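First the structure, then my questions, so here it is.
The values are calculated or read from the model by the stated rules, or taken from the named source; none is laboratory data. As the structure is a computational prediction, the values presented were derived from the model and not from experiment. Positions of Cβ are backbone-derived with ideal geometry, glycine not excepted, and every protein chain shown enters the neighbour counts. All accessible areas refer to the heavy atoms of the entire protein, side chains included, with ligands and DNA or RNA removed. Shrake-Rupley method; radii C 1.70, N 1.55, O 1.52, S 1.80 Å.
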Amino acid sequence: MALPSVAQADTVKAPERDKKFFKTVEGEWVGPGEIVAGKYKGTKFTCNFTGSTPDGKVGMSLDGGCRVGVFTQKMSATIEQKGRSGYRGKFLDGSEGKGLDIISGSVVDGRKVILSLNRNQLNGVMQARMPDDNLMHVTVSVRVDKQLVPVIGMKLSRVDGTAVGAIAKN
């Protein structure tokens with residue numbers, strides 16, 4: 001008799017945990033990144049993003065751009081919960097444009113989300129991990145044969161005054 005109520009309690013906690021995680025992404029983020037594999041390996045860049053959450057839905061958006069020298073490339077990722085299938089969305093303009101589709105994903109714990117990426121024959125993963133409320137590490141990996149190979153890494157720092165959690169900043 002206790003098993004159904006335990007399973008039910010876990011499904012109630014998951015949406016709240018997910019909302020809490022996405023709420024921590026809200027605000028202004030800046031930081032360096034690097035292409036760590038492929039044709040442009042070693043290319044360093046700097047990114048600026050604004051994180052937000054959609055009204056009445058579970059998910060997030062990161063909008064902004066990354067700069068290499070004098071060139072800036074617009075970057076964005078938007079995901080929303082789509083029923084039991086997890087999260088879906090787009091990186092850049094999705095696979096119909098020059099980007100990738102986010103075909104599934106989940107909040108692993110209160111500090112990490114893992115999203116599956118797809119474009120034609122390319123499959124990969126984007127992971128956003130927050131070691132604390134003011135740091136976010138983003139890694140994009142692609143599947144080569146049966147291994148995931150990291151290709152892009154970013155270390156973003158919060159630069160706004162957004163208070164996260166129960167204790168406000170000084």
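Looking only at region 138-163, which residues are free of Cβ contacts under 8 Å to residues at least 24 places away in the same chain, under 13 Å from Thr24 (Cα atoms) and either of a type in the set (A, V, I, L, M) or open to solvent by less than 50 Å² (accessible area, probe 1.4 Å) (or both)?
Within region 138-163, Ala163 is the sole residue that qualifies.
Another one. So, in region 38-51, of the ones that are surrounded by fewer than 16 Cβ atoms within 10 Å (Cβ to Cβ) and among the small types (Gly, Ala, Ser), which residue ends up farthest from Phe91 (Cα to Cα)?
Taking the candidates together, the pick is Gly42.
Which residues, taken from region 105-125, are open to solvent by 20 Å² or more (accessible area, probe 1.4 Å), assigned to a strand (DSSP E or B) and not charged (D, E, K, R)?
Ser106, Val108, Ile114, Ser116, Asn118, Leu122, Asn123, Val125
So which residues in region 62-89 are among the charged types (D, E, K, R) and surrounded by 12 or more Cβ atoms within 10 Å (Cβ to Cβ), if there are any at all?
Asp63, Arg67, Glu80, Lys82, Arg88
Pairs please, first residue from region 57-86 and within 11 Å of Ser104 (Cα to Cα) and free of Cβ contacts under 8 Å to residues at least 60 places away in the same chain, second anywhere and of a type in the set (A, V, I, L, M) and outside any strand (DSSP E or B), Cβ atoms under 8 Å, 6+ apart in sequence or on different chains.
Once the first residue is within 11 Å of Ser104 (Cα to Cα) and free of Cβ contacts under 8 Å to residues at least 60 places away in the same chain and sits in region 57-86, its partners that are of a type in the set (A, V, I, L, M) and outside any strand (DSSP E or B) give Glu80/Val58.
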